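**Student:** Before we start, here is the structure in question, set down as structure tokens.
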Amino acid sequence: MTNKIPVGVLGGTGTVGQMYISRLENHPDFELSYIAASPSSAGKKYSDAVHGRWRIKEDIPSKAKNMIVSDANDIKSAVNNCSFVFSALEMGLIKQLEENYAKEGIIVVSNCSANRWTEDVPMLIPEINPGHIDIINNQRENHGFNKGFIVVKPNCSLQSYLTPIYALMKEGYDVSKIIVTTMQATSGAGYPGISSLDLIGNIIPNLSGEQEKAEKEPLKILGELKNKKIINYDKIKISAHCNRVPVIDGHTACVSLEFSSIPSKSINLEDIINIWENFRSVPQDLELYSAPKRPIIYTNESDRPQPVRDIYHENGMAVVVGGLEKENIFSYGIKFNGLSHNLIRGAAGGGILNAELLKAKGYLG
Ligand SMILES: NC(=O)c1ccc[n+]([C@@H]2O[C@H](COP(=O)([O-])OP(=O)(O)OC[C@H]3O[C@@H](n4cnc5c(N)ncnc54)[C@H](OP(=O)(O)O)[C@@H]3O)[C@@H](O)[C@H]2O)c1
């Protein structure tokens, strides 16, 4: 017998879903009990459903291999097999499907963008806005959910720079403008995603939808929960350029920040590095299983961080920053580079950390 909470993975055959299945093996609190995907995978043994497309470096966990994949549209079968799900689906109508899961009493911890702008759904980075989970009771009231509810993760590219920016804001740096250029890995587009012929030796700019997410989602995450509503933060303007690059895993961002009231000549770069290196938050205080001990790591090496060398720090959950300099264009500002693993911190690892926070705060029953 196990006291672990039974959990399902919707989209378990996909790029993000595989990472969930791999990282749930040996989790101290959650036990994989259900896998669902599209009707074309439903009814197959998991090892057959992912044959030829398993792309995690560890083998398929032995328990998952023999599990029979269900159809993610068949909510009743999930109800009988798990008490919450990680949603990693890529399909139309996800918003309605996730709501239907919640209506049926299943908690949904989602990676998908469909519910990110649903007013009463918290969009969580546990180091930044763990308090937003308090809106869950209002969400249940508003939608008539009994046991179920939905929480979401933001877009994967934000993870490589928003926590370092938040760490500075927490210490009084009044960030007023962000200009960010992302270089996003191929695995961020799922599998098979983009053809190698389109991407090898190439860059695809202006990623559809990504720039809008990068410019809007931080405002909700940095927002304040007030009178049962998340009020978006309105003191920052963001301009984003998002590019797909021929990197397998790991999203990099080049960031320039303007502060409204700290003159750059008085900006001390050593102070900023210390703020990043010493940053700790709720997941670290609660000692959540997936929480990185050092959420932000600064590298002094001038040619780092690099995806090939730096995405696995803290088991893939750290943001690695480097290249800190004063910004010449803005009157008061800095620039830096940030990197994080899009499938771990930016997807499955971040989703599992959200679930660990919910459990620690009593929301997983
Ligand atoms: N890749 C990343 O770095 C990343 C990061 C953060 C968030 N996300 C988000 O996470 C989600 C999954 O992304 P991904 O990259 O893992 O995509 P993916 O590799 O294309 O996987 C998609 C999954 O959805 C399932 N699916 C497709 N059509 C379906 C249908 N009609 N009914 C039920 N299931 C269906 C697929 O099942 P079959 O295998 O049976 O077709 C597969 O399991 C997306 O919403 C994406 O935006 C991705």
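The values are calculated or read from the model by the stated rules, or taken from the named source; none is laboratory data. Nothing here was measured: the structure is a model prediction, and the numbers come from that model. Note: ideal-geometry Cβ built from the backbone for every residue, glycine included; neighbour counts use all protein chains shown. Each accessible area value is taken on the protein alone, full model and side chains, heavy atoms only, with ligands, DNA and RNA left out. Shrake-Rupley method; radii C 1.70, N 1.55, O 1.52, S 1.80 Å.
**Student:** Could you tally the net charge around Ala360, taking each other residue with its Cβ under 12 Å from the Cβ of Ala360, Lys/Arg +1 and Asp/Glu -1?
**Tutor:** -2
**Student:** Here is a follow-up. Quick check: Cα centre of region 98-143 to Cα centre of region 183-256, how many Å?
**Tutor:** Result: 21 Å between the Cα centres.
**Student:** Based only on Cα atoms, what mean projected area does the convex hull of region 1-82 have, in nm²?
**Tutor:** Numbers: hull surface 20.5 nm².
Across all orientations, region 1-82 yields a mean hull projection of 5.1 nm².
**Student:** Radius of gyration and Dmax for region 157-255's Cα atoms, expressed in Å?
**Tutor:** 15.4, 51
**Student:** Treating the beta-carbon of each Lys and Arg as +1 and of each Asp and Glu as -1, no other charges, what is the dipole magnitude of the chain about its Cα centre, to the nearest 20 debye?
**Tutor:** Rounded to the nearest 20 debye, it is 440 debye.
**Student:** Whole-Hz ³J(HN,Hα) for each residue in region 30-40, computed from phi via Karplus 6.51 cos²θ - 1.76 cosθ + 1.60 with θ = phi - 60°, x for glycine and proline: what do you get?
**Tutor:** Working through the residues one at a time gives 10, 10, 4, 10, 7, 10, 9, 8, 6, x, 6 Hz.
**Student:** Shape call for region 90-152 from the C-alpha gyration tensor, a ≥ b ≥ c root eigenvalues: rounded (a/c under 1.5), prolate (a/b greater than b/c) or oblate?
**Tutor:** Oblate, since a/c reaches 1.5 and b/c is not below a/b.
**Student:** Shifting gears a bit: DSSP beta bridges in the chain, what fraction antiparallel, as a percent rounded to 5?
**Tutor:** Of those bridges, close to 45 percent are antiparallel.
**Student:** Once neighbouring chains are kept in place and the probe is 1.4 Å, which whole percent of the accessible area of the chain is contributed by carbon and sulfur?
**Tutor:** C and S atoms contribute 48 percent here.
**Student:** How many lysine pairs in region 87-227, separated by 8 or more positions in sequence or lying on different chains, have Cα atoms less than 26 Å apart?
**Tutor:** Counting lysine pairs in region 87-227 gives 29.
**Student:** Nearest 20 debye, what's the magnitude of the dipole of region 9-71 about its Cα centre given +1 on Lys and Arg Cβ and -1 on Asp and Glu Cβ? Don't skip to the answer; put the middle values down first.
**Tutor:** Working: 8 positive and 7 negative charges, 49 e Å.
The dipole magnitude comes to about 240 debye.
**Student:** What whole-number value in Å² describes the accessible area per residue of the chain for a 1.4 Å probe?
**Tutor:** Spelled out: the 1.4 Å probe surface of the chain, per residue, equals 43 Å².
**Student:** Between rounded, prolate and oblate, where does region 250-292 land on the alpha carbon gyration tensor, with a ≥ b ≥ c its root eigenvalues, rounded for a/c under 1.5, else prolate if a/b exceeds b/c?
**Tutor:** Prolate, because a/c is 1.5 or more and a/b exceeds b/c.
**Student:** Moving on to the next point. First check a/c for region 57-161, with a ≥ b ≥ c the square roots of the eigenvalues of its C-alpha gyration tensor; if it is under 1.5, answer rounded, and if not, answer prolate when a/b is larger than b/c or oblate otherwise.
**Tutor:** It comes out oblate by the Cα gyration axes.
**Student:** How big is the charge dipole of region 66-135 about its Cα centre, in debye rounded to the nearest 20, if each Lys and Arg gets +1 on its Cβ and each Asp and Glu gets -1 on its Cβ?
**Tutor:** 120
**Student:** What residues have an amide H closer than 5 Å to that of Lys237, excluding those fewer than 5 places away on the same chain, when H is modeled at 1.01 Å from N in the peptide plane?
**Tutor:** Here the answer is Lys177, Ile178, since their amide H atoms fall under 5 Å of that of Lys237.
**Student:** Arrange the residues Leu168, Leu197 by how much accessible surface each exposes, largest first, with a 1.4 angstrom probe.
**Tutor:** Leu197, Leu168
**Student:** Relative to 2.2 N^0.38 Å, what does the C-alpha radius of gyration of the chain come to as a ratio? Two decimals please.
**Tutor:** Values: Rg = 20.0 Å, N = 365, 2.2 N^0.38 = 20.7 Å.
Its radius of gyration relative to the 2.2 N^0.38 Å reference: 0.97.
**Student:** Could you name the aspartates and glutamates in cross-link range of Lys65, using Cα to Cα under 14 Å and dropping any fewer than eight places away on the same chain?
**Tutor:** Leaving aside aspartates and glutamates fewer than 8 places away in the same chain, those within reach of Lys65 are Glu25, Asp48.
**Student:** How much net charge surrounds Asp271 when only the other residues with a Cβ under 13 Å from the Cβ of Asp271 are counted, with Lys and Arg +1 and Asp and Glu -1?
**Tutor:** Values: positive: Lys326; negative: Glu171, Glu270, Glu277.
Combined, the nearby Lys, Arg, Asp and Glu give -2.
**Student:** Using DSSP, restrict attention to beta bridges with both residues in region 99-250 and report what percent are antiparallel, rounded to the nearest 5.
**Tutor:** Taking every DSSP beta bridge within region 99-250, about 25 percent pair in antiparallel fashion.
**Student:** If you average the C-alpha positions of region 148-167 and of region 288-326 separately, how far apart do those two centres end up, in angstrom?
**Tutor:** So the separation of the two Cα centres works out to 16 Å.
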